[in-house]
Amino acid sequence: MNNADRFVAAYNRIHNYMKDKDPKYQNDKGFADFKTLLRRSTNPVIKNMRNNSRLLKFHELRNVLVHEKGNNGLEYIATPHSSIVEEIEKFAEELESPRSAESICTKEMAIIHSADNIKTALDLMKNEGKGEYSQIPIYDENRFVALLTDGGISRWIAHAFNDDGLLMENMSVQEVIQYENPRNVAFVGRHDSVFKVKEIFENRISNNQLNLQAIIVTEHGKPHEKALGIITAWDIVGIEM
């Protein structure tokens, strides 16, 4: 196929995907305009894509190619550049087979217990250059308890000096949890898309809830399930769709 055919084929893949995922279209099977599907979709993948003006540009280019053919409608009047074709093909591929949350999570993470001495967490957080941690999930008997963060540790330290001005390190993790925000963590399933992960972070920001420190990946996104990995905002940097 030439570049124009490849471009239109990729565009049609995106359009068909949106129709397949649109409940209103599935109910009445009527006309499904590309821009309408883009606007009303609640699918996290499509919502994320909708924020990218490139798709609307692709829509405009597709209309020019399809509706304004030359040579009696047999030839395209223009040929998209290879970089544009590759970009829309990447959109289609990511949409049909999005990366999973498990694929971007950090699997080598520290886990501690509420009965552990807080010094255990401090040692993990200051283990510079050797896998230091700024967020540490707390689990007791495979049950999620809380997420311990460097911010929570800092708040605890501000209250953890005795009358002699010495840091009271002989405390349990349980005693430090009170300095953490219980809404500092969320959960997703291992097969959830990276776009759902990004949407969770973005929704918190748009609602001025800036306390989300990490997302824990489990089998089905449930707190009582085994932690398979952890995702921070840094892990989704560069995910544009």
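The values are calculated or read from the model by the stated rules, or taken from the named source; none is laboratory data. Remember, predicted model here, so these are calculated numbers, not experimental data. Cβ: placed from backbone, ideal geometry, glycine included. Neighbour counts: every protein chain shown.
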Filtering region 76-93 down to residues that are modelled with pLDDT of 90 or more and among the aliphatic types (A, V, I, L, M) yields Ile84, Val85, Ile88, Ala92
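To keep it simple, each residue is scored yes or no on (1) out of contact with any strand residue (DSSP E or B) (no Cβ under 8 Å at 6 or more places or on another chain); (2) under 21 Å from Ala214 (Cβ atoms).
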residue: Ile84; (1), (2): yes, no
residue: Glu94; (1), (2): yes, no
residue: Ser100; (1), (2): no, yes
residue: Thr106; (1), (2): no, yes
residue: Ala121; (1), (2): no, yes
residue: Lys126; (1), (2): yes, yes
If the Cβ limit is 6 Å and pairs must be 6+ apart or interchain, which residue in region 138-162 that is farther than 15 Å from Met109 by Cβ pairs with which residue that is in a helix (DSSP H, G or I) and of a type in the set (Val, Ile, Thr)? Trp156/Val176
Kindly check whether there is at least one residue in region 14-21 that is modelled with pLDDT of 85 or more, crowded, with 17+ Cβ neighbours inside 10 Å, part of a helix (DSSP H, G or I) and of a type in the set (Phe, Trp, Tyr). yes
Could you list, ordered by first residue, the pairs with Cβ atoms under 6 Å in which the first is in region 1-25 and in the same structural domain as His81 (by TED's automatic domain parsing) and the second is modelled with pLDDT of 90 or more and small (Gly, Ala, Ser), at least 6 apart or interchain? Ala10/Ala92; Arg13/Ala92; Ile14/Ala92
Ile215: among the aliphatic types (A, V, I, L, M), in contact with a helix residue (DSSP H, G or I) (Cβ under 9 Å, 6 or more places away or on another chain) and at pLDDT 95 or above, yes or no? yes
Could you go through region 123-141 and let me know if any residue there is closer than 30 Å to Lys21 by Cα, of a type in the set (A, V, I, L, M) and not in a loop (DSSP other than H, G, I, E, B). no
Odd one out for Lys90, checked against (1) in a helix (DSSP H, G or I); (2) touching a helix residue (DSSP H, G or I) at 6+ places or on another chain (Cβ under 8 Å): (2)
If you scan region 176-211, which residues turn out to be in a loop (DSSP other than H, G, I, E, B) and either surrounded by fewer than 17 Cβ atoms within 10 Å (Cβ to Cβ) or not charged (D, E, K, R) (or both)? Asn181, Pro182, Arg183, Asn184, His191, Asn207, Asn208, Gln209, Leu210, Asn211
Residue identified as surrounded by 15 or more Cβ atoms within 10 Å (Cβ to Cβ), closer than 18 Å to Ser172 by Cβ and not hydroxyl-bearing (Ser, Thr, Tyr) among Met109, Met125: Met125
Residue under question is Asn170, and the condition is that it be polar (S, T, N, Q) and not in a helix (DSSP H, G or I); does it hold? yes
Run down Lys24, Lys35 and say which single residue is at pLDDT below 80 and either in contact with a Lys or Arg (Cβ under 6 Å, 6 or more places away or on another chain) or part of a helix (DSSP H, G or I) (or both). Lys24
